[in-house]
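Please read the structure below before turning to the comments.
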Amino acid sequence: MQTGRVYLIGAGPGDPELITVKGLRLIREADVILYDGLANPEFLKEARRGCECINVEKRPGFQRVQQDEINQMMVDFAQKGLMVVRLKGGDPIVFGRGGEEAEVLRKHNVPFEIVPGITSAIAAPAYAGIPVTHRGISPHVTIVTGTTASLEGEGEVNWEGLAKVGGTLLILMGTRKRSEIARRLIAGGHPPETPVAAIEWGSLPLQRTVRTTLGEIGSVEMTNPAVIVVGKVAAMDLDWFASKPLFGKTIAVTRARTQASELVQQLRELGAQVLEVPTIAFAEPENWREVDGAIADIHSYDWLVLTSTNGTDRFFERLFKQDRDVRALGEIKIATIGAATSSRVRKWHLNVDLEATNRASEGLLADFGADLSGQRFLLPRPEKSRDVLANGLRERGGEVREVVVYKTGMPECLPEKFLQLLQENAIDLIAFTSSSTVLNFVSLLKKTGQNWGSLPAACIGPITARTAVAQGFDVVVELDETSVSISGLVQAIAAYC
Ligand code: SAH
């Protein structure tokens with residue numbers, strides 16, 4: 001069997017968008033992913049189905065998996081012919097032992113590639129508004145480890161010498177030994193007033209910047225993981241991240257995982273910490289007979305009406321599974337409700353002929369006009385849905401065939417992390433995007449015996465809000481019929497927070 005290949009990939013400092021295009025592509029293709037504690041677990045969602053994801057987290061004083069074991073795993077998997085991704089926080093080389101791992105791979109004749117990542121040493125200061133070099137202030141940087149629990153063969157750091165070199169010092173893994181480090185830097189000639197900034201959890205919603213001086217460093221609290229910046233630039237404050245409107249807020253988003261991404265993405269864009277709390281699970285319909293029948297007959301319809309992103313995917317997945325291609329669709333026109341549905345249709349390389357100007361079914365009916373006699377409509381839909389659209393089309397003389405392309409149900413339970421934060425009163429808001437997310441959330445939470453206390457709720461529209469109020473939620477954000485949309489919801493949440 002041919003030997004596989006190992007990719008030593010830098011995942012970036014934490015923000016899941018700070019990974020390279022190449023790194024993300026390889027994660028999506030991998031057979032096995034061995035990931036570190038500091039690599040954002042968000043990336044694992046990108047792994048393909050069947051990819052084995054193994055946590056090989058190492059923490060100071062607590063090793064879940066020893067380095068030797070990691071080395072062995074990489075070699076073993078690759079020798080089985082698998083494509084292995086070794087995912088590390090920041091850059092794989094910068095205090096990431098990527099060099100050692102590459103040596104082991106070379107020794108075992110395992111082909112490997114190194115995909116650099118954005119190191120936290122540079123990224124955390126950037127997210128705190130501290131430029132690590134700055135014209136006229138600091139012409140060079142030194143990245144240095146603050147541990148003296150040194151790796152074999154690693155030299156002792158000459159802190160006194162570093163003080164004499166000047167420029168900017170970026171200290172990783174330095175919080176525990178910070179007093180000793182400061183003492184030696186001062187002994188080497190750095191004045192005690194030298195500015196210091198420590199950036200904890202850089203580029204993540206938990207980011208915190210502690211500002212102090214070398215002389216005072218021992219008396220301020222700072223925790224790992226943090227990058228400590230020493231030098232004149234540490235006094236600069238070009239903050240842009242911590243001042244985002246939702247920075248420091250924790251928002252729970254209840255939706256089916258596959259649907260949540262747009263809302264989650266937009267809230268994160270505004271700086272929020274977003275917890276995904278899936279309350280809806282999708283399943284296949286009882287059987288595909290009806291759908292297959294409609295697909296076989298698709299050329300006889302005038303309109304294919306798609307009302308959700310999920311319905312769109314399920315329908316086209318089924319169609320293309322049957323050795324058919326776009327030609328099967330013939331002359332059929334496509335109508336949608338909602339911009340999100342339209343953009344999903346375009347992902348299947350198809351154009352939308354009519355998009356409802358108003359999001360709801362009523363809007364689409366109005367766009368179709370009053371007389372639909374002789375027109376044939378195909379409506380892929382979930383098992384349970386409002387009948388407004390199908391009935392309305394029939395009333396206008398249209399011939400309608402509805403086919404069930406998916407069923408909705410409930411996931412088994414709520415995520416552990418959400419329940420824990422709820423108990424700690426650490427969630428600022430919960431967002432609901434439909435009545436069923438409210439009802440499912442309530443019944444899933446009841447199973448745990450926990451209560452949502454005074455957790456405020458944001459609702460996408462009046463129907464959802466009514467359901468939430470009936471369940472006893474304090475609805476603090478509610479959109480009216482005309483502004484129902486994901487971006488409308490995000491704006492309203494930002495205004496409330
Ligand atoms: N290869 C990594 C560094 C691994 S050593 C990189 O290039 O970033 C682990 C240390 O990195 C931590 O102790 C901390 O000093 C730093 N670190 C990693 N992620 C960080 C983050 N998001 N914010 C601040 N420091 C971080």
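Just to be sure I understand: of the beta bridges DSSP finds with both ends in the range 122-235, what percent are antiparallel, rounded to 5?
Percent antiparallel among DSSP bridges in the range 122-235 is about 75.
Using the Kirkwood radius over C-alpha pairs as Rh, can you work out the diffusion coefficient of the chain via Stokes-Einstein at 10 °C, viscosity 1.306 mPa s, in µm² per second?
D = 61 µm²/s.
Binning at 10 Å from 0, report for the range 359-425 what percent of all alpha-carbon pair distances ends up in each bin.
Calculated over all Cα pairs of the range 359-425, the distribution is 18, 35, 17, 14, 12, 4 percent.
Considering the Cα positions of the range 181-285, please state its Rg to one decimal place and its Dmax as a whole number of Å.
19.9, 73
Among DSSP beta bridges whose residues both lie in the range 5-118, state the antiparallel percentage, nearest 5.
Looking only at bridges with both residues in the range 5-118, the antiparallel portion is about 15 percent.
Quick one: Kirkwood hydrodynamic radius for the range 27-143, alpha-carbon pairs, angstrom, one decimal?
Value: 15.8 Å, from the Cα pair sum.
In what sequence do Thr307, Thr145, Thr448, Thr467 fall when counting other Cβ within 10 Å, fewest first?
Going from sparsest to densest Cβ surroundings: Thr448, Thr145, Thr467, Thr307.
Which value in deg cm²/dmol, rounded to the nearest 500, describes the helix-derived mean residue ellipticity at 222 nm for the chain, given -39,500 (n - 2.57) per DSSP H run of n ≥ 4 and division by the residue count?
Result for the chain: -9000 deg cm²/dmol, rounded to the nearest 500.
Can you pull the three principal axis extents for the Cα set of the range 122-235, in Å, largest first?
Rounded to whole Å, the extents work out to 35, 33, 27 Å.
Using alpha-carbon positions, what is the distance between the centroids of the range 332-407 and the range 126-142, in Å?
Between the Cα centres of the range 332-407 and the range 126-142 lies a distance of 56 Å.
What lysines does Lys164 reach when the alpha-carbon gap must be under 25 Å and sequence neighbours fewer than 8 apart in one chain are set aside?
Straight-distance partners of Lys164: Lys177, Lys232.
Just how far, in whole angstrom, is the range 64-83 from the range 436-471 if you go by their alpha carbon centroids?
Cα centroid of the range 436-471 versus Cα centroid of the range 64-83: 45 Å apart.
Would you work out the relative contact order for the range 348-497, in percent, from Cα pairs under 8 angstrom that are 6 or more residues apart?
15 percent
Share of antiparallel DSSP beta bridges in the chain, in percent to the nearest 5?
Given both bridge residues lie in the chain, the antiparallel proportion sits at roughly 30 percent.
Structure shown: which of Lys249/Lys384; Lys347/Lys407; Lys22/Lys249; Lys88/Lys447; Lys45/Lys80; Lys88/Lys446 lie over 30 Å apart, alpha-carbon to alpha-carbon?
Lys249/Lys384; Lys22/Lys249; Lys88/Lys447; Lys88/Lys446
Any read-out appearing in this document is the output of simple, stated calculations on the displayed coordinates, not a laboratory observation. What you see is a predicted model; the values in this text were computed from it and never measured. Virtual Cβ from ideal backbone geometry, glycine too; neighbours counted across all protein chains shown.
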